[in-house]
Every structure is written in C-alpha cells, then in structure tokens.
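Chemist: Input: one structure, supplied below.
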Amino acid sequence: MQGALLSVLLAVAAAPPASKGGAVATALGTIEHGLTSTAYQHRADIDTRRGIYRWDCSIMAAWILARTAPAARRAIGADKPLARDFYRVIERAPTDRPGRGWRRLTDVAALEPGDLFAWLKPEMFKQRPNTGHVGFAVSKPWRHPRFAGVWLLRIADATTELHGDDSRPPGGEGGFGIATIAFLVDAAGAPRAYGWYGEAQDPATFVPTEIAFGRVFL
C-alpha cells in the first residue's frame, strides 16, 4: 500500500506543470458573454456583475492573469505593467519548460486559446506614447489562404483601432473585443511582423517589430 502511494506521489511530482490557458480562455469567454459596456482608457473601471470593462490592453492582461494565472502575473512584477513588461517576461522565459509561470513559444503554429502575444513598439511608431501591445489568443492560428508565411489568429484585446472582423463597433469607444490579426513568420515559424487588420491586409504593409508568444502555467 505504501509502495503504491509512493508511486502515485512520484508520478505527480514528475508530471509537467499544468497550463492555465484553459482558465484564461474561460475568463475571456465570460467577459465576452456578459459584456454590456466597454471603452479603451488608461485606468481600470471594472464591474463584473454589471458587465462593465473599461481598460487598456495591459490593464486587461494583468487583470485576467491575476485571476487565472497568479504565478505568471507575479513574474511581471510591476503594479501597472505596460505592454513592454509582458514582452520582456515572455522573451526571458524558457522554451523547453515553464519558468516563473511562463513558457515562451517559438512557433506561431503552437499557439492555443489562452496564450498571450506581446510586441514592442515598432520603430516606425516611436513617437506614439504606448510601449507596444498585448493580448490573448482565442483560437488556434490558421494559414492565410493567399499569402505564404502568413498566419491568422482570433484574439481578445483592448484597443480603439479596430482589427479585421472585429466585434467592436466602428466609431465606438473601443475597449474589449474579439478580432482577427495576422503574423508574418520566418522559415522556423517565428513571428517577424504583424498585420493589425488581419486577412484583408497586404503583407507588404505589415509592421516589423519584436514579437513574443507566451503560455502561462501554475
């Protein structure tokens, strides 16, 4: 009996850490289902009971991680993290195992619902006040039907500038939404540029920058 118990304990100890992507995806679905009011702003105004979510992309990401993947949220560190803070933590994460609640994904095809993307502010937009962008995958990526090396992805984020097939109404206040963006990848599947407007955008107009994909864990 003791030997059987020891075997179980050893098996549990040897098991790989569990991803929290499912919890993240569930939280995003709960927001989408209960949403009554949203807007893009640089301070949090959140009332889950009433379905109010007013925030920017980094506030949204930090809020969701704090409730679904606290180890990953602690690794970010800052009380009010910016998009570049998410990028830096993901970029430093190991690729072969989780570390401090994160594992970096090197291939866009590996993305699953609940994974994060984060990119640094592109050089061409250096005059803009933000530090980049962060959001969540809500689907698996799929290849662009016309352009080789381009992958499409349904995401959840907070913005005022709409993406492709966006759930936010044109001319509105922005905020939380579900939409499609695109990534141009190299031969290894690593992202090299993003297409903000998704499938309709010509890859010649994609924006090159540093992009990181991360998966959160216990």
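Chemist: Restricting to region 180-194, and then to whatever is assigned to a strand (DSSP E or B) and more than 16 Å from the chain's Cα centre (by Cα), can you tell me which residue is surrounded by the most Cβ atoms within 10 Å (Cβ to Cβ)?
Modeler: Residues of region 180-194 that are assigned to a strand (DSSP E or B), as a first pass: 180-185, 191-194.
After this cut, where a residue has to be more than 16 Å from the chain's Cα centre (by Cα) as well, the list is 184-185, 192.
Working: LEU184: 22, VAL185: 19, ARG192: 14.
Filtering first and then ranking leaves LEU184.
Chemist: Mind listing whichever residues of region 159-179 are within 17 Å of GLY195 (Cα to Cα), surrounded by fewer than 17 Cβ atoms within 10 Å (Cβ to Cβ) and touching a Lys or Arg at 6+ places or on another chain (Cβ under 9 Å)?
Modeler: Listed by number, the residues that qualify are THR160, ASP165.
Chemist: To continue, here is another question. State yes or no: is ARG146 open to solvent by 20 Å² or more (accessible area, probe 1.4 Å), at pLDDT below 95 and not in a helix (DSSP H, G or I)?
Modeler: Details: open to solvent by 20 Å² or more (accessible area, probe 1.4 Å): yes; at pLDDT below 95: no; not in a helix (DSSP H, G or I): yes.
No, not satisfied.
Chemist: Of all residues in region 30-49, count the ones that are in contact with a strand residue (DSSP E or B) (Cβ under 8 Å, 6 or more places away or on another chain) and polar (S, T, N, Q).
Modeler: Selection size over region 30-49: 4.
Chemist: Restricting attention to region 87-101, which residues are surrounded by 15 or more Cβ atoms within 10 Å (Cβ to Cβ) and in contact (Cβ under 8 Å) with a residue 60 or more places away in the chain?
Modeler: Listed by number, the residues that qualify are TYR87, VAL89, ILE90, GLU91, ALA93, PRO98, GLY101.
Chemist: Between a residue in region 53-74 that is of a type in the set (Ser, Thr, Tyr) and any residue that is open to solvent by 10 Å² or more (accessible area, probe 1.4 Å) and in a helix (DSSP H, G or I), which pairs come within a Cβ distance under 8 Å, given they are 6 or more apart or on different chains?
Modeler: Every condition considered, the pairs that remain are SER58/ASP85; THR68/ALA23; THR68/THR26; THR68/ALA27.
Chemist: Another question, if that's okay. For region 24-71, which positions are more than 25 Å from GLY132 (Cα to Cα) and small (Gly, Ala, Ser)?
Modeler: GLY34, GLY51
Chemist: Turning to a different aspect of this structure: Out of all the residues in region 149-158, is one or more of a type in the set (A, V, I, L, M, F, W, C), open to solvent by 10 Å² or more (accessible area, probe 1.4 Å) and touching a Phe, Trp or Tyr at 6+ places or on another chain (Cβ under 7 Å)? Break it down stepwise before answering.
Modeler: From region 149-158, those of a type in the set (A, V, I, L, M, F, W, C) are 150-153, 155-156, 158; that's our starting set.
Filter once more, keeping what is open to solvent by 10 Å² or more (accessible area, probe 1.4 Å): 151.
Narrowing further to those that are touching a Phe, Trp or Tyr at 6+ places or on another chain (Cβ under 7 Å): 151.
For region 149-158, residues of a type in the set (A, V, I, L, M, F, W, C), open to solvent by 10 Å² or more (accessible area, probe 1.4 Å) and touching a Phe, Trp or Tyr at 6+ places or on another chain (Cβ under 7 Å): present.
The values are calculated or read from the model by the stated rules, or taken from the named source; none is laboratory data. Given the structure is predicted, the values throughout are model-derived calculations rather than measurements. As a convention, Cβ positions derive from the backbone with ideal geometry for all residues, glycine included, and neighbour counts pool all protein chains shown. Heads up: the accessible areas ignore ligands, DNA and RNA and are worked out on the full protein's heavy atoms, side chains in. Shrake-Rupley method; radii C 1.70, N 1.55, O 1.52, S 1.80 Å.
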